[in-house]
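The block underneath contains the structure these notes are about, expressed in structure tokens.
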Amino acid sequence: MKKQFLKLLALSVALLGLSAFSAYGKKLPGPTINFKPLNSINVEGVAEIVDATPDGNTILYTNSEKKEIGIIDITDPQLPNIQSGIPVVGEPTSLSITPDGRYALATVWLNKPEEGQDPPDLNSHSALVVIDMQSKSKIGSIDIGFHPDSVKVTEINGRTVSVIAIENEPIILDEEGKVTDDDEPGNPNDFSDPGFIQVVYVDTQNPADSEVIDISLESVLRPEDGFLFVDDPQPEFVDIHGSTAAVSL
């Protein structure tokens, strides 16, 4: 990892519960902003994660049921225009649009295990899909870890940099070695690998040439700091401010 570009900050909001909110969630003084709904849009499938272009005129959303990235033109919020989605083969888990609005990156889980099946190959990869926002089409993809969750993209020193939470949620096997619907951490029959962070220096013209760097979390998680399951971290959400990435566990 190029240490001058990114620093990692792990925030334990989910694991420390109320104590985390007392440490990190203090309300700061400032102006009150009131939001009000302008419209609602019915879409087919399952809409989950959303991001908007810098001009606020276009939103993208993950649609896991249809295995695509949905696109809606909201230049006029009262007359939203649902456009053709972008197929991504697997289950899209998150997306992020570059600060200049030229590209979008979507994490896609390619080998999601299903209940009753044999356990998956944990060495199989998932994909970071690179999308051209002008043509609304896929440029290419980058091999990433087995089970991605959140992604965030920024630009640092002229380079497109994304940070990905590879969650690797528990895969619990039954007595016959088949996948169950249980995903509670700490189960001795958990087949999954520990989660980690990936930093990707994205080559937007030739995504296959991108540089991918893995960052382990086990070394920074200590039980005495209130972390649970320190040998099995499951990063969920990432965000970036400047050159610092925040990761929730």
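Please tell me the relative contact order of the chain in percent, rounded to the nearest whole number, where contacts are Cα pairs under 8 Å and at least six residues apart.
Once normalised by length, the contact order is 17 percent.
Mind ordering 61-68, 188-195, 79-86 by average Cβ neighbours within 10 Å, highest first?
Details: 61-68: 18.9, 188-195: 16.4, 79-86: 14.1.
Output ranking for 61-68, 188-195, 79-86: 61-68, 188-195, 79-86.
Please go through the stretch 150-188 and write out the GluC sites (Glu not before Pro) that DSSP classes as loop and that have at most 14 other C-beta atoms within 10 Å.
Numbers: sites: Glu155, Glu167, Glu175, Glu176; in loops: Glu167, Glu175, Glu176.
Hits after loop and neighbour filter: Glu175, Glu176.
So what are the ³J(HN,Hα) numbers for the stretch 184-192, from phi and the Karplus equation (6.51, -1.76, 1.60; θ = phi - 60°), rounded to whole Hz, Gly and Pro as x?
Coupling constants for the stretch 184-192: 6, x, x, 6, x, 9, 6, 8, 6 Hz.
Which aspartates and glutamates have a Cα less than 14 Å from the Cα of Lys178, not counting those fewer than 8 places away in the same chain?
Those aspartates and glutamates meeting the cut-off are Glu114, Glu115, Asp118, Asp121, Asp190.
Which Cα, out of Ile213, Gly186, Thr98, lies furthest along the positive dipole direction of the chain (beta carbon charges, K/R +1, D/E -1)?
Positive-end residue among those listed: Thr98.
Calculate the dipole size of the chain relative to its Cα centre from +1 charges on Lys and Arg beta carbons and -1 charges on Asp and Glu beta carbons; express the result in debye to the nearest 20.
Here the size comes out at about 1520 debye.
For the stretch 136-168, list residues with backbone N below 15 Å from a point placed 7 Å from the Cα of Val89 toward its Cβ?
Output list for this probe position: 138-148.
What distance in nm separates the simple spin-label points at Asp182 and Leu79, each placed 7 Å from Cα in the Cβ direction?
5.6
Only Cα pairs under 8 Å and at least 6 apart count here; give the relative contact order of the stretch 131-249 as a rounded whole percent.
Details: 235 pairs, mean separation 30.9, N = 119.
Reported as a whole number, the value is 26 percent.
Only helical DSSP H runs with n ≥ 4 go in: add -39500 (n - 2.57) per run for the chain, normalise by residue count and round the 222 nm mean residue ellipticity to 500 deg cm²/dmol.
It comes out at -1000 deg cm²/dmol, rounded to the nearest 500.
Readers should treat all values here as calculations from the given coordinates under stated rules, not as data from a laboratory. All values derive from a computational prediction rather than experimental measurement. Virtual Cβ from ideal backbone geometry, glycine too; neighbours counted across all protein chains shown.
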